[in-house]
């Protein structure tokens, strides 16, 4: 019944916005590109539609992504595939317990010919960076990512090195294996726009995977994939994101949801204002993904759980009772009245 009411409310809101929004943003070219991107991704990866949507939203909204899933569910493949389709400069860093910050950021080396120190860039200098098994590196190496994730720059020996306009970190981690892993600092988790959970495929999806492997001709090789979107086109799409309309009532709706995380008795540490801004930008991205130039409550409800689940610290009692951050986030969202 609640779902029926929410769907009706969202439909009414959509109709109202389509009637009242006077300034329209042309998203036809964007929608065509997104359709092509999704089709190309679907040719390689079976299922995982929500994960694909969230990753595309994060790239549109200029955010970083933490993908969590057991081995073999295409976490790394998805990251490599999207960077290939966007024609972005790609770099991969395999995090290990002995990895040092200089292995990630780069280091200065004395040049005997010029008698000067030259900076040699590390693998973090790319447009799309895959940090594989991010929780396998110790705290010192994790901290090396703080500045570049937030400020899009790296400071070495007092000199700042700026990243390019397109800069996205896609990190992966295995939620099951605990041996040889380190808990990610809260300050770092807060810098990820989304935490995306990639689950096992359904029966039909797994059958489809097997059929593709059985008929090898249907398998698409990454090396054969041609880019569908240039970096300049993507940056132009990001500019359109700012033109997506958000009604004042929805701004209050976002703020009310985040406020709930700070008042809940089962939450030890709630979400910061950074989470509110993240919900705003991500909901705009999802609206664009759906071909709309305005945000609806349903857009906010779609992106918010993946924005909140890694930002909430539950009380010890709540964890002992079996609560998870994702379930708590969903309940808190449902408690807030949806604007009409």
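Rule-based calculations on the coordinates, nothing more; no lab input. Given the structure is predicted, the values throughout are model-derived calculations rather than measurements. For neighbour counting, all protein chains shown are included, and Cβ atoms are generated from backbone atoms with ideal geometry for every residue, glycine included.
Assorted remarks:
- Taking every C-alpha pair closer than 8 Å and separated by at least 6 residues, the mean separation divided by the residue count of the range 64-228 gives a relative contact order of 34 percent.
- Once both labels are positioned 7 Å from their Cα atoms along Cα-to-Cβ, the gap between residue 165 and residue 252 label points is 3.7 nm.
- Note on the chain: antiparallel DSSP beta bridges, both residues inside, total approximately 40 percent of the bridges counted.
- Among 149, 112, 288, the largest mean-square fluctuation in a Gaussian network model of the chain (Cα springs under 10 Å) belongs to 112.
- Adding -39500 (n - 2.57) for every DSSP H run of four residues or longer, then dividing by how many residues the chain holds, sets the calculated 222 nm ellipticity at -14500 deg cm²/dmol.
- Sites residue 76 and residue 119, calculated FRET efficiency, Cβ-Cβ separation with R0 35 Å, nearest 0.05: 0.75
- Computed FRET value (nearest 0.05) for residue 39 with residue 110, which takes r as the C-beta separation and R₀ as 51 Å: 0.50
- Sorted on the mean count of surrounding Cβ atoms within 10 Å across their residues, most packed first, peptides 154-161, 187-194 read 187-194, 154-161.
- Spin-label proximity, residue 259 to the range 314-340 - amide N less than 19 Å from point 7 Å beyond Cα toward beta carbon: 329-340
- Principal-axis tilt of helix 297-308 within the chain, Cα atoms, nearest 10 degrees: 40
- Part-to-part distance (alpha-carbon centres) for the range 126-166 and the range 227-251, which is given in Å: 25
- Across the range 36-150, the mean sequence separation of Cα contacts (distance under 8 Å, 6 or more residues apart), normalised by length, yields a relative contact order of 25 percent.
- Additional length obtainable on full extension of the chain from residue 223 to residue 32, 0.36 nm per residue less Cα span: 66.4 nm
- Rounded to two decimals, the Cα-based Rg/Rh of the range 64-228, with Kirkwood Rh, is 1.03.
- Taking the chain as a Gaussian network of alpha-carbon nodes connected by springs under 10 Å, the highest mean-square fluctuation of the residues 229, 308, 66 belongs to 229.
- The chain: angle of helix 248-263 to the longest principal axis, Cα-based, in degrees nearest 10: 70
- Gyration tensor (alpha-carbon) shape descriptor, the chain, a/c threshold 1.5: rounded
- Seen against the Cα atoms of the chain and their longest principal axis, helix 75-86 is set at about 90 degrees.
- Most mobile of 111, 174, 135 in a GNM of the chain (Cα contacts under 10 Å): 111
- For the chain, averaging the sequence separation of C-alpha pairs within contact (under 8 Å, six or more residues apart) and dividing by the residue count gives a relative contact order of 23 percent.
- Extension reserve of the residue 200-residue 150 stretch, reckoned as 0.36 nm per residue once the Cα distance is removed: 14.8 nm
- Once the C-beta distance of residue 207 and residue 183 is scaled by a Förster radius of 35 Å, the resulting FRET efficiency is 0.40 to the nearest 0.05.
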